[in-house]
1. Tell me, what ³J(HN,Hα) does each residue in region 30-36 have, in order and in whole Hz, if you take phi through Karplus 6.51 cos²θ - 1.76 cosθ + 1.60 with θ = phi - 60° and put x for Gly and Pro?
2. What do you get for trypsin sites (Lys or Arg not before Pro) in region 113-191 restricted to DSSP loop and a cutoff of at most 14 other Cβ within 10 Å of the site's Cβ?
3. Calculate how steeply helix 114-130 sits against the longest principal axis of the alpha-carbon atoms of the chain, using the helix alpha-carbon long axis, and give the answer as 0 to 90 degrees to the nearest 10.
4. Which of the residue pairs LYS129/LYS164; LYS34/LYS108; LYS17/LYS105 have a Cα-Cα distance greater than 23 Å in the structure shown?
5. Mind telling me which of HIS83, HIS94, HIS170 comes out most flexible in a GNM of the chain, alpha-carbon contacts under 10 Å?
6. So what J values fall out for region 95-106 if you push phi through Karplus, 6.51 cos²θ - 1.76 cosθ + 1.60 with θ = phi - 60°, rounded to Hz, Gly and Pro as x?
7. Within 10 Å, at most 13 other Cβ atoms, and a DSSP state outside H, G, I, E, B define an exposed site. Report the longest part of the chain free of exposed chymotrypsin sites (Phe, Trp or Tyr not before Pro).
8. For region 8-108, what is the largest minus smallest coordinate of the Cα atoms on each principal axis, given in angstrom and ordered from greatest to least?
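Throughout, read-outs are computed from the coordinates displayed, never taken from laboratory work. For clarity, every value in this text was computed on a predicted model and none was experimentally measured. Note: ideal-geometry Cβ built from the backbone for every residue, glycine included; neighbour counts use all protein chains shown.
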Amino acid sequence: METKSKIEPLAQPLKEKILNEINEQVMKCYQCGKCAAGCPLSGEMDYTPNQILRLLQIGEPTCDDEVLRSYGIWLCLTCDTCHSRCPQEVDFPHIMDFLRSEAIKRKKVHPKAKEIIAFHRSFLESIEKTGRLSEVGLIASYKLKTFNLLQDVDLAPKMFAKGKLEIFPHRIKGRQAIARIFEKAMKEAHND
Ligand code: SF4
Ligand code: SF4
């Protein structure tokens, strides 16, 4: 288990970075719990949405570290239910996006989240190459990244039979525009 002395203090508390970089105020949250009550994943999260906001409000290095290492930030579906229910209009999905990106930058990703990241990367690679999702390409790339080679393999014949999986990807006409979007996003990510 990690001790407090091993946690490097961040140059700036996360709540300040969140305010400066994405203009969201975690201090607006008054812990009514409506976000957690409506979140379809809160039962699976180690910290519920309002608990994550409370840890951020405290602003101590140990609390910020706990948030960045949490599994819950990777389970968020960005469904926006929490945001739409919040009486204070806290855009929590926007904050979650920021937290995931910070967790990657600071190498604090929860070990169980690596498969989720592999799935996201495989999804984006498919879009980058063809302009749309190729299910077979996504599955192949995900399995190679995670070595979960046999996971759900029994479903493949049924899905082929029902025409849900196409072997050859469809390519859209505007792939150059898609490539430019990826290039711009990568440049911005490297400049952060
Ligand atoms: S619904 Fe809004 S105010 Fe209530 S706990 Fe969630 S974020 Fe805070
Ligand atoms: S956006 Fe994320 S945190 Fe908010 S309700 Fe949906 S899954 Fe839960």
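1. Those phi angles translate into 10, 6, 6, x, 5, 5, 5 Hz.
2. Values: sites: LYS114, ARG121, LYS129, ARG132, LYS143, LYS145, LYS158, LYS162, LYS164, ARG171, LYS173, ARG175, ARG180, LYS184, LYS187; in loops: ARG132, LYS162, LYS164, ARG171, LYS173.
Of the trypsin sites (Lys or Arg not before Pro), the ones in loops of region 113-191 whose Cβ has at most 14 other Cβ atoms within 10 Å are ARG132, LYS162, LYS164, ARG171, LYS173.
3. 50
4. Details: LYS129/LYS164 20 Å; LYS34/LYS108 28 Å; LYS17/LYS105 14 Å.
Beyond 23 Å between Cα atoms: LYS34/LYS108.
5. The residue that fluctuates most here is HIS170.
6. So the J values, rounded to whole Hz, are 5, 4, 4, 4, 5, 5, 5, 5, 4, 5, 4, 9.
7. Numbers: sites that count: TYR30, PHE147.
It works out to 31-146.
8. 34, 25, 19
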